[in-house]
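S.K.: Structure in structure tokens, see below.
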Amino acid sequence: MKFSDLTAGRRIEAGPVRVLASEIVEFARKFDNQWFHTDPMRAESGVWNGLIASGFHTCSIAMQMVAATILEGSESYASPGLSYVKWPNPVRPNDLLTLHVEVIESKVSTSKPWLGVVQWKWRLVNQNAITVLELQATSLFKLDA
């Protein structure tokens, strides 16, 4: 999508994507090596009653969905960051995740008229409509001169 497609109030859905236990373990072993992400047997007796995905894995899944459905072919080139990120519920093996994106604001920068700025909320839910990720991001888009 182009910057001009991302108007305030626009809602976009992506997915679903199924999360496999092997992916949870592989990501965690490389980036978040905690036993409740990497050891399915031990995780069974843990506070979460089973294996759960790293929150950063959950963010990566959402980012992949945005990149494939919204940013592909766009002028997106950077993000200065997130206003917040929350993981209200864990992602578990075989969850089927769907992403809901809402554009909050879309404007051309007053100081850099070649720059489009998008504020948007992302909400990732599982197959039971339980929210597993909420975040608000800022994305930057290079505009045609």
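S.K.: Against the definition (closer than 24 Å to Glu26 by Cα, in contact with a strand residue (DSSP E or B) (Cβ under 7 Å, 6 or more places away or on another chain) and not acidic (Asp, Glu)), how does Ala62 come out, yes or no? Step through it out loud before you land on a result.
M.R.: Working: closer than 24 Å to Glu26 by Cα: yes; in contact with a strand residue (DSSP E or B) (Cβ under 7 Å, 6 or more places away or on another chain): yes; not acidic (Asp, Glu): yes.
Yes.
S.K.: Of the residues Thr138, Thr110, which is of a type outside the set (Asp, Glu), closer than 20 Å to Ala78 by Cβ and without any contact (Cβ under 8 Å) to a residue 12 or more places away in the chain? Break it down into steps so the answer makes sense when it comes.
M.R.: Details: Thr138 fails: without any contact (Cβ under 8 Å) to a residue 12 or more places away in the chain.
Sole residue among the options that is of a type outside the set (Asp, Glu), closer than 20 Å to Ala78 by Cβ and without any contact (Cβ under 8 Å) to a residue 12 or more places away in the chain: Thr110.
S.K.: Enumerate the pairs (first residue in region 55-79 and touching a residue at least 60 places away in the same chain (Cβ under 8 Å); second residue anywhere and part of a helix (DSSP H, G or I) and aromatic (Phe, Trp, Tyr)) with beta-carbon separation below 6 Å, excluding pairs fewer than 6 apart on the same chain, so at least 6 apart or on different chains.
M.R.: Listed by first residue and then by second, the contacts come to Glu75/Phe3.
S.K.: Okay, moving on. Please state which of the following conditions Ser74 fails to meet, knowing it meets all the rest: (1) modelled with pLDDT of 95 or more; (2) closer than 24 Å to Lys121 by Cβ; (3) not charged (D, E, K, R).
M.R.: Ser74 satisfies all of (1) modelled with pLDDT of 95 or more; (2) closer than 24 Å to Lys121 by Cβ; (3) not charged (D, E, K, R) except (1).
Residue by residue, here is whether (1) of a type outside the set (S, T, N, Q); (2) loosely packed, with under 11 Cβ neighbours inside 10 Å; (3) in contact with a Cys (Cβ under 9 Å, 6 or more places away or on another chain) holds:
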position	(1), (2), (3)
Met1	yes, no, no
Ser4	no, no, no
Gly9	yes, yes, no
Glu13	yes, no, no
Val17	yes, no, no
Ala21	yes, no, no
Val25	yes, no, no
Ser45	no, yes, no
Leu51	yes, no, no
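The values are calculated or read from the model by the stated rules, or taken from the named source; none is laboratory data. The shown structure was predicted, so the numbers you read here are calculated from the model rather than taken from an experiment. Don't worry about glycine lacking a Cβ; one is built from the backbone with ideal geometry, like all the others, and counts go over all protein chains shown.
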